[in-house]
1. Can you confirm whether region 231-244 contains a residue that is among the polar types (S, T, N, Q), touching a residue at least 40 places away in the same chain (Cβ under 8 Å) and either out of contact with any strand residue (DSSP E or B) (no Cβ under 8 Å at 6 or more places or on another chain) or surrounded by fewer than 14 Cβ atoms within 10 Å (Cβ to Cβ) (or both)?
2. When residues of region 397-432 are filtered for being more than 12 Å from the ligand (Cβ to nearest atom), over 19 Å from I378 (Cβ atoms) and open to solvent by 10 Å² or more (accessible area, probe 1.4 Å), how many remain?
3. When region 12-46 is examined, which residues are found to be at pLDDT below 75 and hydrophobic (A, V, I, L, M, F, W, C)?
4. Inspect all residues belonging to region 69-86 and state whether any of them is at pLDDT 90 or above, in a strand (DSSP E or B) and within 30 Å of T164 (Cα to Cα).
5. Open to solvent by less than 20 Å² (accessible area, probe 1.4 Å), closer than 20 Å to T428 by Cβ and under 49 Å from the mean Cα position of the chain (by Cα) - does that describe any residue in region 304-319?
6. Can you tell me how many residues in region 30-48 are farther than 11 Å from R14 by Cα and either aromatic (F, W, Y) or in contact with a helix residue (DSSP H, G or I) (Cβ under 9 Å, 6 or more places away or on another chain) (or both)?
7. Return the residues of region 159-201 that are open to solvent by less than 50 Å² (accessible area, probe 1.4 Å) and farther than 19 Å from I95 by Cα; say none if nothing qualifies.
Amino acid sequence: MDRFARQINAVQRRTETLNQSLAEPSVLQPGLLVQAFNQLHDALEELRVTHNELLNQKEQLANCYQSAELERQRYRNLFDFAPDAYLITDRDGHIIDANRAAANLFQLQIHSLNVWANRSLIDFLPQHQHHAFHHQLQRLPSEQTLKDWEVIFCKQNGQTFPATISVNTVKNLDDEIHFHWLIRDISARKQAEEAQAIKSENLQLQETVRLKSQFMAMMSHELRTPMHIILGFAQLLLRQPYQLLAPQLKNMVERIYNNAKHLLTLIEDILDFTALESGKLSLNSQQFNLAELIQTVTQELQHLAERKKLSLLIEVQLQNPSIIGDSDRVRQILVNLLDNAIKFTEKGSVILEVYEASENRIAIVVRDTGIGISKNDIQFIFQEFRQVNQTYSRTHGGTGLGLAIVDKLVKLMLGTITVESQLGEGSTFKVELPRGVKSAEC
Ligand code: ADP
């Protein structure tokens, strides 16, 4: 450009000299005029060459501009369509530019103009993070970069999500500091991490439950053997001719026997429960007469009802009382339900109804006029060790395992159990069992 300007100046000077020569005819000599024209011609020739050069340069410049523009467009597209959210802010966090992914991330309408106008990145952070964000902004110019800072962001609709932030500090042409932000939504990763944590917690829990069941089963076995021995000897002592045992001694042996029996029942319950819980209880199914079983069970429990002056009523309506199942386990269900009904009833009656619910199902219903169970408590009574009426249970004993065992046994037999109850008015437990229950492990 300088050269071109110099050349124009030179031509201008020569033209002026020529002009002056022409204006002063005294100076004008034919030889001088020719020389001046020759010089002018040379200067114009040079000018023409330079002009051509200039045109060439202009073309090159246009090409450069075009490829720079293409490159700029390419980077703009890369920026705009990048899968991660990119934002550019000034050193105060005001948003200067952002890509589509950023708009999507915060649920902003990408088509609306000025979507980022007057917005700061801090607007998308919940209040409790503002302080930390300001702190980071202040440190950034000296630290230059920030990597994978975990924060919680708010979308336009108020919904929050976890994200990581990485930042680079850059200076623009005017030497101003700008920050380039890369924001990544890590909800999916967090969810996967949580799921993994829950999974390993579950595994740990399962292992704990397994160890607990193993321990309980082992302990129960260890306890059962001596209990049987205590019971056996107590029974032997009680069978002695009356006069051989002093009345006080007899009373003591009876107490040993009764308490040992109670303890054995508890141990049996724990054993059954752990076996059911770990899926190790198998049914021993055979054909048996349900009506006969009911008679035996109710006879055995009659004295409990009599002691509380309750009437124990039985209504069996079975055309065919012969069913296939594990009679010991059906008996266990009956004993538990009737025992509870008597235990939790102070006056009135306990009624056992057995009938054919359908062609293949038998219904066993135990009704009482006892304390009842509140609506809220009903959901808990089948859970192990749950005693919803603590005061009552404390005076009347029990472990809170009975109904849990009944529930698991009924399910093992592919039956159902339901309960209806009214506080202060009584409860009704209804069990439905298939007529034929195969021997199977649960
Ligand atoms: P428990 O050994 O305490 O009887 P269960 O598992 O048999 O344990 O029963 C759990 C709880 O359900 C009892 O503690 C009691 O609060 C409640 N429950 C069970 N049967 C009845 C009933 N017939 N009437 C009132 N409450 C009952």
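The values are calculated or read from the model by the stated rules, or taken from the named source; none is laboratory data. No experiment lies behind these values; they were computed from the predicted model shown. Methodologically, a virtual Cβ is constructed for each residue, glycine included, from the backbone with ideal geometry; neighbour enumeration extends over all protein chains shown. SASA here: full protein model, heavy atoms, side chains in, ligands and nucleic acids out. Shrake-Rupley method; radii C 1.70, N 1.55, O 1.52, S 1.80 Å.
1. As a first pass, look at region 231-244 and keep what is among the polar types (S, T, N, Q): 235, 240, 243.
Now narrow it down to the ones that are touching a residue at least 40 places away in the same chain (Cβ under 8 Å): none.
No.
2. Looking only at that region, the number is 2.
3. L18, L22, A23, V27, L28, L32, L33, A36
4. Within region 69-86, one or more residues are at pLDDT 90 or above, in a strand (DSSP E or B) and within 30 Å of T164 (Cα to Cα).
5. No: zero hits.
6. 4
7. F161, P162, I186, S187, A197
Conditions tested, residue by residue: (1) more than 16 Å from the ligand (Cβ to nearest atom); (2) charged (D, E, K, R); (3) open to solvent by 70 Å² or more (accessible area, probe 1.4 Å); (4) touching a Leu at 6+ places or on another chain (Cβ under 7 Å).
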site: N259; (1), (2), (3), (4): yes, no, yes, no
site: L263; (1), (2), (3), (4): no, no, yes, no
site: D269; (1), (2), (3), (4): no, yes, no, yes
site: T274; (1), (2), (3), (4): no, no, no, no
site: I324; (1), (2), (3), (4): yes, no, yes, no
site: R329; (1), (2), (3), (4): no, yes, no, yes
